[in-house]
Amino acid sequence: MARALNAGLRQALADDPKVLLMGEDIGRLGGVFRVTEGLQAEFGAQRVVDTPLAESGIVGTAIGLAMRGYRPVCEVQFDGFIWPAFDQITSQLAKLTNRGQGAFSMPVVIRVPYGGHIGAVEHHQESPEAYFAHTAGLRLVSPSTPNDAYWMIQEAIASNDPVMFFEPKSRYWPKGPVDFAGTAAPLHASRVVRTGTDVTLLAHGAMVSVLLQAAEIAAEEGVSVEVIDLRSLSPVDYGPIVDSVTKTGRLVIAQEAPGFVSLGSEIAATVAERCFYSLQAPVLRVSGFDTPFPPAKLETLYLPDADRVMEAVDRVMAY
């Protein structure tokens, strides 16, 4: 995924001279995850900009650049570093187009490496997506495969609205095919990645691979599982989700973030409203615990795995 994002950013920079990248150590170093490696040498230091360690300043500068017709792509180095920019994102970036009654747009992308599974220290393994999904005026997406990463980053940059682009950092290294000659799927479309008839499993980002592991285990036990990759966190594409739950009658939602007042909570409530007469069991959520992310040695206890997902599958199948 890291190389796919690099290729997608390179293509966006080549296609539009108004696209520029901003972030801490993204230039000469190529970013801590090497997602922007080689781009400054190719496009210059005025288009791939090493910024001061000031997230609020990065986003505030991007807002001004967007007003002047540029398409800035900001990198927040780690998920837990985004809070100094929270005011700029939620109070300004998300609201300016509405405040100006459409007089100007805010084509700003904020790249956020997020989630666990990398054994990092405090402030480096969080899942803050619910804070931003709650904020009107922002679009949120999260790829789970290299192919999606390549196409979605370009679609996000082309959007005239601000896009929070959540990159599951534990998926930077697993390899997968990229169809460079293909066409992009709609940016805000959820997708069925495995078909089944008994239970629907839903997740985004790194958790999609966990659901696919659980689906293999379930198949060995005679349970047919359908897996949906959410892809877009705001807006949510409910069509494939509702169709799937209407068919299976059961839904399990998995996420790394804590469960209380979360994206999974919202989706569970909406599915209960839209699929009430099709549900054969309550919608269940499998999530991180409602505690701060623990030290690295305890992350495997905190993060949902295939066993915890299967426990939920067994519960909905027992109704």
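The values are calculated or read from the model by the stated rules, or taken from the named source; none is laboratory data. If you're wondering where the values come from, they're calculated on a predicted model, not measured in any experiment. Cβ sites come from the backbone with ideal geometry, for glycine too, and all protein chains shown count toward neighbours. SASA here: full protein model, heavy atoms, side chains in, ligands and nucleic acids out. Shrake-Rupley method; radii C 1.70, N 1.55, O 1.52, S 1.80 Å.
Answer yes or no as to whether ALA156 is closer than 30 Å to LYS297 by Cα, part of a helix (DSSP H, G or I) and modelled with pLDDT of 95 or more.
No, not satisfied.
Taking into account only those residues within the stretch 1-59 that are open to solvent by less than 20 Å² (accessible area, probe 1.4 Å) and assigned to a loop (DSSP other than H, G, I, E, B), which is farthest from ASN147 (Cα to Cα)?
Top of the filtered list is GLU24.
State whether the residues of the stretch 282-291 include one that is part of a helix (DSSP H, G or I) and over 15 Å from GLY115 (Cβ atoms).
Checking the stretch 282-291: not a single residue is part of a helix (DSSP H, G or I) and over 15 Å from GLY115 (Cβ atoms).
Conditions tested, residue by residue: (1) open to solvent by 10 Å² or more (accessible area, probe 1.4 Å); (2) within 11 Å of the chain's Cα centre (by Cα); (3) at pLDDT 95 or above.
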{"position": "GLY116", "(1), (2), (3)": "no, no, no"}
{"position": "HIS134", "(1), (2), (3)": "yes, no, yes"}
{"position": "ARG139", "(1), (2), (3)": "yes, yes, yes"}
{"position": "ASN160", "(1), (2), (3)": "yes, no, yes"}
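Tell me yes or no: at least one residue of the stretch 228-239 is open to solvent by less than 30 Å² (accessible area, probe 1.4 Å) and charged (D, E, K, R).
The answer is yes, given that some residue of the stretch 228-239 is open to solvent by less than 30 Å² (accessible area, probe 1.4 Å) and charged (D, E, K, R).
Quick check on VAL309: is it touching a residue at least 12 places away in the same chain (Cβ under 8 Å), under 21 Å from SER170 (Cα atoms) and not polar (S, T, N, Q)?
So VAL309 passes the test.
Return yes when ASP198 is touching a helix residue (DSSP H, G or I) at 6+ places or on another chain (Cβ under 7 Å) and either buried (at least 24 other Cβ atoms within 10 Å of the Cβ) or touching a residue at least 12 places away in the same chain (Cβ under 8 Å) (or both) and no when it is not.
yes
Among what's in the stretch 286-319 and is touching a Ser or Thr at 6+ places or on another chain (Cβ under 8 Å) and not polar (S, T, N, Q), pick the residue that is surrounded by the fewest Cβ atoms within 10 Å (Cβ to Cβ).
My answer is TYR302.
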